[in-house]
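Inspection log for the structure reproduced underneath, given as structure tokens.
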Amino acid sequence: MRPNYAQDAPPTTITVGGFAYPVDADFRTWICVTRMMRDFIPSPDTPEHMRHNADLLCEIQTAVFGGVLADEDAGDVLGAISAFAQGYPTAPTIGAPKQGPPTYSFEYDLNQIVLAIRNQSGIDLSYRRKEPFHWWEFLLEFGALCGDHVILRLMEIRGYEGKDAEMLHQRARYALPREAMASDQVALDEINDEFYNA
């Protein structure tokens, strides 16, 4: 049986190379980690790109493990961190996942998410909470939100694909700002190289 919240406590270690390493499992840490993971350059083809990715992986490992796992393969470490970031296993989706603009952001929408979790479950994840709250539990709470929470309305508006003028206006009004990624800078550098070296 797949790990589940009814029978299995969320893990506090990540196994890499056969060894279980203790992790900082607090949701605040993992919001930062998942943000940093989007900054990897997908196909590093210069020493600068490789150094960027290596430095970023060191930064992520320091956040997760409190230091770099120097004796472990970097690819294995990143794979294990990526798997942990997914939370409890979920049912596979059929077909290709729908690609569209994001409907939420933990960075921009965290206030509404924290308030919705507090109002629905009574769990206070604000600055007043001193003890950690596990990332996997945070993902479960977020995924279980229902009803009239502001964040759910924002997600509905941002995901709207119809033709209603008022809804399209609302979608534009509440759209998330586009976040620049390292891969965007790589593409811009390549365009500049083409332009200036033509």
inquiry  = I need the full set of residues from the stretch 112-147 which are without any contact (Cβ under 8 Å) to a residue 12 or more places away in the chain and touching a helix residue (DSSP H, G or I) at 6+ places or on another chain (Cβ under 9 Å), in order please.
reply    = Asp124
Residues of the stretch 32-42 satisfying the condition of being touching a helix residue (DSSP H, G or I) at 6+ places or on another chain (Cβ under 8 Å) and either modelled with pLDDT under 95 or not β-branched (Val, Ile, Thr) (or both) = Cys32, Arg35, Met36, Met37, Asp39, Phe40, Ile41, Pro42
key: Single residue of Gln99, Gln120 found to be among the polar types (S, T, N, Q), closer than 30 Å to Met50 by Cβ and open to solvent by 60 Å² or more (accessible area, probe 1.4 Å)   = Gln99
task = Determine, yes or no, whether Thr90 is surrounded by 12 or more Cβ atoms within 10 Å (Cβ to Cβ) and out of contact with any helix residue (DSSP H, G or I) (no Cβ under 6 Å at 6 or more places or on another chain).
result = no
task = May I ask you to list the residues in the stretch 1-31 that are open to solvent by 80 Å² or more (accessible area, probe 1.4 Å), modelled with pLDDT of 95 or more and either aromatic (Phe, Trp, Tyr) or out of contact with any strand residue (DSSP E or B) (no Cβ under 8 Å at 6 or more places or on another chain) (or both)?
result = Phe19, Arg28
Condition met for Arg51 (of a type outside the set (A, V, I, L, M, F, W, C), open to solvent by 40 Å² or more (accessible area, probe 1.4 Å) and in contact with an Asp or Glu (Cβ under 7 Å, 6 or more places away or on another chain)) = no
query = Residues in the stretch 63-71: is at least one open to solvent by less than 30 Å² (accessible area, probe 1.4 Å) and under 15 Å from Gly17 (Cα atoms)?
reply = yes
ask   = Is it the case that some residue within the stretch 10-18 is free of Cβ contacts under 8 Å to residues at least 24 places away in the same chain and either touching a Lys or Arg at 6+ places or on another chain (Cβ under 7 Å) or among the aliphatic types (A, V, I, L, M) (or both)?
value = no
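The values are calculated or read from the model by the stated rules, or taken from the named source; none is laboratory data. Remember, predicted model here, so these are calculated numbers, not experimental data. Cβ atoms come from the backbone with ideal geometry, glycine included; neighbour counts cover every protein chain shown. Surface accessibility is based on the protein's heavy atoms, side chains included, excluding ligands, DNA and RNA. Shrake-Rupley method; radii C 1.70, N 1.55, O 1.52, S 1.80 Å.
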